[in-house]
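Written out below as structure tokens is the structure these notes cover.
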Amino acid sequence: MINELWTPQGSVPLGSAPVGDNAETGKKVFKYSVLLKAKDKFGVEHKQRVDVLADEADSQAHVEDMMAQAAETFLEEVKTRHQKRAPTPDQRKEIGKALNDFRSYALRRRESTNRTIYYHRK
């Protein structure tokens, strides 16, 4: 078991715990947990828990490398996935109205015989 483990910047180490024995080698397997945090370009904080499994034969550098790789993947994912802000409730209502208008327009167009829409005055 590794005592002092380097964690990536902006992460919170959650500790380690034994989870069992390796079936092939018979050595103990430990789970090292870390909570990764990152903010997207809109200032919204995203979190992800990462568990790294390693047995006694794995070096500290190998475990730290796996954590660094997971942190790098998480940061890249936050940057690419959150390119634009989620719509506000008012914007969602406007989007819903526009979709309903389009659906009703498409339904009227399908019902007409020559694919032209006839507007009836009320």
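The values are calculated or read from the model by the stated rules, or taken from the named source; none is laboratory data. These numbers come from a predicted model, not from an experiment. So basically every Cβ, Gly included, is an ideal-geometry build from the backbone, and we count neighbours across all protein chains shown.
Observations on the structure shown:
- Single condition residue 91 does not satisfy, out of (1) modelled with pLDDT under 85; (2) exposed (fewer than 13 other Cβ atoms within 10 Å of the Cβ): (1)
- Per the listing 53, 107, 75, the residue uniquely modelled with pLDDT under 85 and among the aliphatic types (A, V, I, L, M) is 107.
- Selection count where residues are aliphatic (A, V, I, L, M), assigned to a loop (DSSP other than H, G, I, E, B) and surrounded by 11 or more Cβ atoms within 10 Å (Cβ to Cβ), scope the stretch 19-47: 1
- Consider the stretch 48-80 and keep the residues that are free of Cβ contacts under 8 Å to residues at least 40 places away in the same chain and farther than 30 Å from residue 22 by Cα. The one that is surrounded by the most Cβ atoms within 10 Å (Cβ to Cβ) is 75.
- Evaluated against (1) modelled with pLDDT under 90; (2) surrounded by fewer than 13 Cβ atoms within 10 Å (Cβ to Cβ), residue 16 falls short on exactly one condition, (2).
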